[in-house]
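The values are calculated or read from the model by the stated rules, or taken from the named source; none is laboratory data. Source: prediction; values computed, not measured. Every residue, glycine among them, receives a Cβ derived from its backbone with ideal geometry; neighbour counts consider all protein chains shown.
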Amino acid sequence: MKLQTYIDQGYLRAERVESLSEHQKKVLGLNIIYQLIRDGSLTIERALIFTLAQYSVFSSKAVCQLIENKTFTVEEVLTFGMWQKRALESKVIRSFIDSGCMTFKKAAELSDEQQNFLDLDVVRKLIQEGILPFDVALNLTWRQQQNLEVPMVVELLRSKDERCCLTLDQVLRLQWMALDNLKSKTVCALLQEGILPSVEKALSLAAEQRQSLELPIVAKLLRSKDCLLHLTLEQALKVRSRQEAMLESKHIHKPPSVI
């Protein structure tokens, strides 16, 4: 929109235009601002005191469309910050709106933290799969959000195997120790292989027990088919790092219960 139009239509005098700052000229240059001034929804004096954030919000095509279709009033949009602009421009948020999970009004109320969480692919998929209710996702604590970002936790949520599956309620109640166990590649592998008999056993491991299982020689002997070298899970959980060298010795022939 050319500033001359404002002069021609009597909104501004030529000498007033000459005194405008570059920021004010940019604001008046937005088509949406001209349209709102023309239909009486916004005064030119109000437009001339726009902040940088307001200019950015009204520069958004997504926001302009929502003003034009009466989803938001001009007064509402004038109160928007950058996080609201981000939410209304987000393709992920729009997909939730289109699917009926939320309204544009609700989207404008999302915090930065909520937007960041909903933007995660894993969260979007869990919601789409019906595993994570949308309203629950919006009200999770930071710790609960962290739980859902652990790959093994998500795998167990999706699992149909009663031996190694987790309910959403269990996931949301996981404490740091249990979560650390599920972050362990060794623990996850042993659970998937059936060496750890259940997810409950994996969750209940003490830090020292998890560290025992993570010793390369222990994992190897747990999987050994040699009856003289094989370690039972009970034996493996008692191995300590100081015994690792002894187990690795090619002269060892018996499990650590006799060490």
Identify, please: which residue in the stretch 35-45 is outside any loop (DSSP other than H, G, I, E, B) and touching a helix residue (DSSP H, G or I) at 6+ places or on another chain (Cβ under 7 Å) and is, among those, nearest to residue 70 (Cα to Cα)?
36
Considering only residues of the stretch 143-163 that are assigned to a helix (DSSP H, G or I) and among the basic types (Lys, Arg), which is farthest from residue 107 (Cα to Cα)?
163
Can you tell me how many residues in the stretch 183-210 are surrounded by 14 or more Cβ atoms within 10 Å (Cβ to Cβ) and over 29 Å from the mean Cα position of the chain (by Cα)?
3
If you scan the stretch 1-34, which residues turn out to be of a type outside the set (A, V, I, L, M), without any contact (Cβ under 8 Å) to a residue 24 or more places away in the chain and either in contact with a Leu (Cβ under 6 Å, 6 or more places away or on another chain) or in a helix (DSSP H, G or I) (or both)?
4, 8, 15, 16, 18, 22, 25
Take residue 60 and decide whether it is small (Gly, Ala, Ser), more than 27 Å from residue 145 (Cβ to Cβ) and buried (at least 16 other Cβ atoms within 10 Å of the Cβ).
yes
Checklist (1) at pLDDT 95 or above; (2) in contact with a Ser or Thr (Cβ under 9 Å, 6 or more places away or on another chain) applied to residue 83, failing item:
(1)
Being under 29 Å from residue 94 (Cβ atoms), of a type in the set (Ser, Thr, Tyr), without any contact (Cβ under 8 Å) to a residue 12 or more places away in the chain and surrounded by 11 or more Cβ atoms within 10 Å (Cβ to Cβ): is that true of residue 43 here?
no
Working carefully through the options 166, 174, 140, find the one that is within 17 Å of residue 113 (Cα to Cα) and not in a helix (DSSP H, G or I).
140
Considering only the stretch 154-170, I want to know if a residue exists there that is more than 30 Å from residue 95 (Cα to Cα), out of contact with any His (no Cβ under 9 Å at 6 or more places or on another chain), without any contact (Cβ under 8 Å) to a residue 40 or more places away in the chain and surrounded by 15 or more Cβ atoms within 10 Å (Cβ to Cβ).
yes
Give me a count of the residues in the stretch 171-182 that are under 30 Å from residue 97 (Cβ atoms) and either among the acidic types (Asp, Glu) or buried (at least 18 other Cβ atoms within 10 Å of the Cβ) (or both).
1
Residues that are assigned to a helix (DSSP H, G or I), more than 27 Å from the chain's Cα centre (by Cα) and basic (Lys, Arg), drawn from the stretch 46-105:
46
Could you give every pair whose Cβ atoms fall below 8 Å, whose first residue belongs to the stretch 91-120 and is in contact (Cβ under 8 Å) with a residue 12 or more places away in the chain, and whose second residue is outside any helix (DSSP H, G or I) and among the charged types (D, E, K, R), counting only separations of at least 6 or pairs across chains?
92/119; 120/149
